[in-house]
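Okay, structure first, notes after.
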Amino acid sequence: MVHFGQGDWGIVDSCLEPNSKRPVALHYLKLLQVDAEKSVRFVLASHWHDDHMQGISSVFKEAKSALFACSQAVRTPEFNEILSSWTGTRFLPGGSGVDELHSVMSELAKRKADTRYPSPVLASANKVIWERARQPAITVKALSPSDAAVLATLARLKPLCPKNSKARRRLLSLQPNDTSVALALQIGNHRVLLGADLEARRDSGLGWIAVVDGFDKNEPKHQGFKIPHHGSPTAHHAGVWDHMLTDDPWAVTTPFVSGNVKLPSVADSQHILDRTTGAYLTAPPHPAKFRDSNKTVEKTAHEATLSIHFIPGRYGQVRIRKDANFVPEAPWNVELFGDALTMSDYVHGTH
Amino acid sequence: MANIPEISTCGNQPRWINEFQNDQRPRGNAGTQVMLRSLFTLLIKEPVRRDGMGSEQESAVVSTAAPTETTDRITTSSRPRSVIPRAKRLNTLPKGRYILLKKYEGFVTSRGEKSFTARLSENASDYPVLEAEFDLEELSETDRSLAVDGAALVWTMGYRYEGNTRKRESLIYLRRLPPWKDAEAELAKKAADELTRDILWK
């Protein structure tokens, strides 16, 4: 979530607050007594993986004055076919954020006849998603996906479309994630880079290489970085740190746990700490222990499995703020809530 | 003689039995309703005399007190005699009875050489969700080849009765869903076109 000041908010992706099971963004705005209907200017779905899409349709439905933005890949016939095929099936929920995106599309279809609602925006490299003219001026610009990335994704979507006699399975996440929407925020003299889940590819037309190549090296650098893809090495590109970020920027990421994959690993975190001392995690990548009110169920489950746990296991929040009127060199104020921690504490096991 | 506490009666049966028989409201689960009706029919048909001497259809008074030596005695014919409705003994349970303790549904997220990982939940709205890694040997030989990414999965835990013994069991199986049909793909295309046709993207 980004608060631009003067009552303007932007929401990028969504996850659920574990206690209320409501979208975190709506939960937070309610705590601050901010009216989502009037204050949220845009809701952006950076990509359609489950862990980034949970509850985004609820956020968009409440944010009635917000525009919706997502990757331009959603305009392709292949994606639309997938969207419809995997929605509303009882035994086979769509997954990969497809159900949520379908719900957003239904809301957009409802709003299309009413001119009070802003038009949705298809994000692509160097396209401005939202801007504010009054001071401090704001520009929210997409840095990806490139045209080549959209074409590459289409090639991967095509085989997923339902065909006669093809086995019916749940739609899993597309990997690698080339159509993820990375954002550059400019608020007055302050700049922040939000990396979404964009990965680093060998092809110069895709991923972070395309973003770094398209970045004007004479432009001011970003003072903060939402580290892409949960700090995974597949999303690390030295050029981002060298050319797009200031020295010792703040950097923050979220954890990811699935099977044996736990991101960021301690080694990944150490690499990030080599680049900046101000690195934070919203929670450590630990699953929650499996428990059940029926002890017989608990015992049977442990006997029948090699491992069992709840995901996500931990939950926290990192809040990084600065007065927009301060000079760019002024320090940012960092606050940690819940299970949030510094990456240094995570690496040294002191959390 | 001790004063026997009584619950109100109606005709030949306690009122609660009559009320149950007359209650035609839907109860949500037809199976449960049939089972309850069978149980109560059993109770009505098989009232037991307080001394356990057999059926007693004329009785109108049901004691709620614990049976004692005094109250167990059959009363004189001028006073309605006490009966306690009792279920039949459980040794007539059908073979293969199963008590479900938990049922999870989900899908396979990854498969290795000897194990696979699945994401599971009791209800679609559950959050956080369960993630479990199973040995492939937990699946039947015929199911192992079906455990691929995205395959729908069911996991139940419960007690199975065989005669008078019961055993605790965990059962994992993969759903054999019907394959896609061309007609569905066509419908999906049409639905997608209708949904997104007029959205004015910038």
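Using a 10 Å cut-off on Cβ atoms, rank the peptides A:262-275, A:325-338, A:211-224, A:304-317 from the highest mean neighbour count down.
Result, highest mean first: A:304-317, A:262-275, A:211-224, A:325-338.
With only alpha-carbon atoms in the gyration tensor, what are the semi-axes of the equivalent ellipsoid for the range A:12-171, in Å, largest first?
On the way: eigenvalues 156, 82, 38 Å².
That gives 28, 20, 14 Å for the three semi-axes.
For the range B:98-181, how big is Rg over Rh, using alpha carbon atoms and the Kirkwood form of Rh?
Answer for the range B:98-181: 1.01.
In bins 5 Å wide, starting from 0, what share of all Cα pairs of the range A:282-351 does each bin hold, as a percent?
Taking every Cα pair in the range A:282-351, the percentages come to 4, 14, 15, 14, 12, 12, 11, 7, 4, 3, 3, 2, 0.
Quick check on the exposure proxy: order A:Val181, A:Val34 from fewest to most C-beta atoms within 10 angstrom.
A:Val34, A:Val181
Would you calculate a helix-derived [θ] at 222 nm for chain A, using -39,500 (n - 2.57) for each DSSP H run of n ≥ 4 and dividing by the full residue count, to the nearest 500? Show your work: numbers first, answer last.
Details: 11 runs with 90 residues, N = 351.
The per-residue figure over chain A is -7000 deg cm²/dmol.
Over all alpha-carbon pairs in the range A:1-72, figure out the percentage whose distance exceeds 22 Å.
Working: 334 of 2556 pairs.
So the portion of pairs separated by more than 22 Å is 13 percent.
What is the distance in Å between the Cα centroid of the range A:229-248 and that of the range A:296-310?
About 39 Å separates the Cα centre of the range A:229-248 from the one of the range A:296-310.
Taking loop as defined by DSSP and a crowding limit of 16 other beta carbons within 10 Å, which trypsin sites (Lys or Arg not before Pro) in the range A:151-207 fit? List each step's numbers first, then the result.
Details: sites: A:Arg156, A:Lys163, A:Lys166, A:Arg168, A:Arg169, A:Arg170, A:Arg191, A:Arg201, A:Arg202; in loops: A:Lys163, A:Lys166, A:Arg168, A:Arg169, A:Arg170, A:Arg201, A:Arg202.
Within the range A:151-207, the qualifying trypsin sites (Lys or Arg not before Pro) (loop, at most 16 other Cβ atoms within 10 Å) are A:Lys163, A:Lys166, A:Arg202.
Can you give the extra length, in nm with one decimal, that the chain gains between A:Ser119 and A:Asp345 once fully stretched, where that is 0.36 nm per residue apart less the Cα-Cα distance?
Between A:Ser119 and A:Asp345, full extension yields an extra 77.0 nm.
In the structure displayed, which of A:Lys127/A:Lys163; A:Lys21/B:Lys102; A:Lys61/B:Lys189 lie more than 28 Å apart, Cα to Cα? Before the final figure, lay out the partial values.
Details: A:Lys127/A:Lys163 35 Å; A:Lys21/B:Lys102 22 Å; A:Lys61/B:Lys189 25 Å.
A:Lys127/A:Lys163, as the Cα separations exceed 28 Å there.
Only residues of the range A:1-34 count here: report those whose backbone N is under 14 Å from the spot 7 Å along Cα→Cβ of A:Ala324, or say none.
A:2-10, by backbone N distance to the label point.
Please report A:Leu29, B:Leu101, B:Leu200 as a ranked list, fewest other C-beta atoms within 10 angstrom at the top and most at the bottom.
Going from least to most buried by this count: B:Leu200, B:Leu101, A:Leu29.
How big is the convex hull of the Cα atoms of the range B:97-146, per residue, in Å³?
It is 104 Å³ per residue.
Going by how many other beta carbons lie within 10 Å of each one, how would you line up B:Leu195, A:Leu101, fewest first?
B:Leu195, A:Leu101
Counting other C-beta atoms within 10 Å, and keeping those with at most 15, which DSSP coil GluC sites (Glu not before Pro) do you find in the range B:146-202?
none
Along Cα→Cβ, 7 Å out, is where each label goes; now give me the distance between the ones at B:Asp182 and A:Ser20 in nm to one decimal.
Inter-label distance under the simple model: 5.1 nm.
How fast does chain A diffuse by Stokes-Einstein, in µm²/s, taking the Kirkwood radius from C-alpha pairs at 20 °C and 1.002 mPa s?
The diffusion coefficient I find is 101 µm²/s.
Laboratory data are not the source of any read-out in this text; all were calculated from the coordinates shown. Just so it is clear, the model here is predicted, and its values are computed rather than measured. Here Cβ is always computed from backbone atoms with ideal geometry, including for glycine, and neighbour counts include all displayed protein chains.
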